[in-house]
């Protein structure tokens, strides 16, 4: 099972929820119905459910680090890549931060604009030094 492909499927679900205002469970089931890819359905569900559950707090962190960028005016794919990457960095300690960053940058390049990889990298690079404190804040709010 490929975590990379699972992240791509989760991104599709988050995009449906964000842009088309799809129901979370319906979006997850829709992406899991696709055939031909080896994915980890539990990982997909976790990324989508976790990101949507914490989206307000995640957006607050992203807004703090995207000076001059309103999240609602940001490219839809970029916004959702950033949300999902931040969720994974906060709640999946077992995944090295460097892996999450690489995956986020690659997805932004593949599914958004040519400059999106640099943009996503720049935003996440500003957040990484604060991860320990952010993990503590998010855990305290659980």
Checklist entry - Among the numbered criteria (1) over 12 Å from the mean Cα position of the chain (by Cα); (2) surrounded by fewer than 19 Cβ atoms within 10 Å (Cβ to Cβ); (3) more than 26 Å from residue 142 (Cα to Cα), which single criterion is violated by residue 39? => result (2)
Checklist outcome for this item: So, first residue closer than 14 Å to residue 109 by Cβ in segment 67-82, second residue assigned to a loop (DSSP other than H, G, I, E, B) and modelled with pLDDT of 90 or more, Cβ within less than 6 Å, six or more apart or across chains; the pairs are 75/112; 77/112; 78/112
Checklist outcome for this item: If we keep only residues of segment 100-114 that are surrounded by fewer than 16 Cβ atoms within 10 Å (Cβ to Cβ) and in contact with a helix residue (DSSP H, G or I) (Cβ under 9 Å, 6 or more places away or on another chain), then the residue nearest to residue 76 (Cα to Cα) is 113
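Quick check on this structure: which one of 86, 11, 47 is closer than 20 Å to residue 133 by Cα and touching a residue at least 24 places away in the same chain (Cβ under 8 Å)?
Details: 11 fails: closer than 20 Å to residue 133 by Cα; 47 fails: closer than 20 Å to residue 133 by Cα.
That would be 86, the only listed residue that is closer than 20 Å to residue 133 by Cα and touching a residue at least 24 places away in the same chain (Cβ under 8 Å).
The values are calculated or read from the model by the stated rules, or taken from the named source; none is laboratory data. Predicted model, so just to flag it, every value in this text is computed and none were measured. Because the Cβ atoms are built from the backbone with ideal geometry, glycine has one as well, and the counts that use them run over all protein chains shown.
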